[in-house]
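S.K.: Dropping the structure in here first, questions after.
Bear in mind these aren't lab numbers, they're just calculated from the coordinates by the rules spelled out. Computed from a predicted structure; not experimentally measured. With ideal geometry, Cβ positions are generated from the backbone for all residues, glycine too; neighbour counts draw on all protein chains shown.
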Amino acid sequence: MPIAQGLQAVDAVLSSPNWDINRLLMAARDRAQLLGTGSGLPSGYAFGLNNCGTYYGVTNRGTSQELYLWCLSLLLAEYTAGLLARKAAEGHCQQHRKAPDFNPCPDMAKEHMRMLGAFKEALRALIDEIEQLEQQTPLPQPPAAVPTP
Ligand SMILES: [Zn+2]
C-alpha cells in the first residue's frame, strides 16, 4: 500500500524535532532502491543501456537525480493523500474537535474528502499531461541506412 508507506515515511521526517530535509531525500533513495536492477544492467541500475553507457539507479556512486525526484514526488503525493484521508477519518477541525472529547467534526470530514478529491483530480491532470508527452514528444531517429549498390 504505497499511500500508507509514503505517509509513514514522510510523517517520520516531518514529525521529528528539527526535521532535516536530508532525511526525506534518504527516504526517496530508499524508495528508489526498490526499483531494483534492470535486466542485464550493472548492479543497482534500474534503467539504462549498456551500449550507451548510460544508467539510472542507486549505487555506491550515488543516486540518479531523476530517480530521487521520481521517488520524492511519489512520497510527497502519497503523504498528502494519506494526510487528507486521515484528517477526514478523524474529523479534524480547529473549532469543533477539542479536548477533552475530541469529537470528530462531520463537516470538516466532508471538506477533507473534497480536498482529497481535488488532489486526485490534480494528479489525474498530471497523468493526462504525461500521457500527452509520451505520445507527442518527438524522438530522434537513427541515421538513414546507406543504400547498397
Ligand atoms: Zn467543525
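S.K.: In segment 46-79, what residues are surrounded by 17 or more Cβ atoms within 10 Å (Cβ to Cβ) and either in a loop (DSSP other than H, G, I, E, B) or more than 19 Å from the chain's Cα centre (by Cα) (or both)?
M.R.: Answer for segment 46-79, where residues must be surrounded by 17 or more Cβ atoms within 10 Å (Cβ to Cβ) and either in a loop (DSSP other than H, G, I, E, B) or more than 19 Å from the chain's Cα centre (by Cα) (or both): Gly48, Tyr55, Ser64.
S.K.: Only one of (1) outside any loop (DSSP other than H, G, I, E, B); (2) of a type outside the set (Val, Ile, Thr); (3) away from the ligand (no atom under 16 Å from the Cβ) fails for Pro140. Which number is that?
M.R.: (1)
To keep it simple, each residue is scored yes or no on (1) in contact with a Gly (Cβ under 8 Å, 6 or more places away or on another chain); (2) free of Cβ contacts under 8 Å to residues at least 12 places away in the same chain.
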residue: Tyr45; (1), (2): yes, no
residue: Gly48; (1), (2): yes, yes
residue: Thr63; (1), (2): yes, no
residue: Leu72; (1), (2): no, no
residue: Cys93; (1), (2): no, no
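S.K.: When you go through Glu129, Glu66, Glu111 one by one, which is the residue that is within 16 Å of the ligand (Cβ to nearest atom) and of a type in the set (Asp, Glu)?
M.R.: Going through Glu129, Glu66, Glu111 in turn, the sole match is Glu111.
S.K.: Further, regarding this structure: From the list Arg124, Arg114, which one is under 15 Å from Ala77 (Cβ atoms), assigned to a helix (DSSP H, G or I), basic (Lys, Arg) and within 22 Å of the chain's Cα centre (by Cα)?
M.R.: Residue meeting the stated conditions: Arg124.
S.K.: I would also like to ask the following. Residues being surrounded by 13 or more Cβ atoms within 10 Å (Cβ to Cβ), within 22 Å of Tyr56 (Cβ to Cβ) and either among the hydrophobic types (A, V, I, L, M, F, W, C) or more than 15 Å from the chain's Cα centre (by Cα) (or both): count how many of those fall in segment 1-32.
M.R.: The total comes to 7.
S.K.: Which of the residues that make up segment 80-103 are more than 9 Å from the ligand (Cβ to nearest atom) and over 22 Å from Gln5 (Cα atoms)?
M.R.: Scanning segment 80-103 gives Lys98, Ala99, Pro100, Asp101, Phe102, Asn103.
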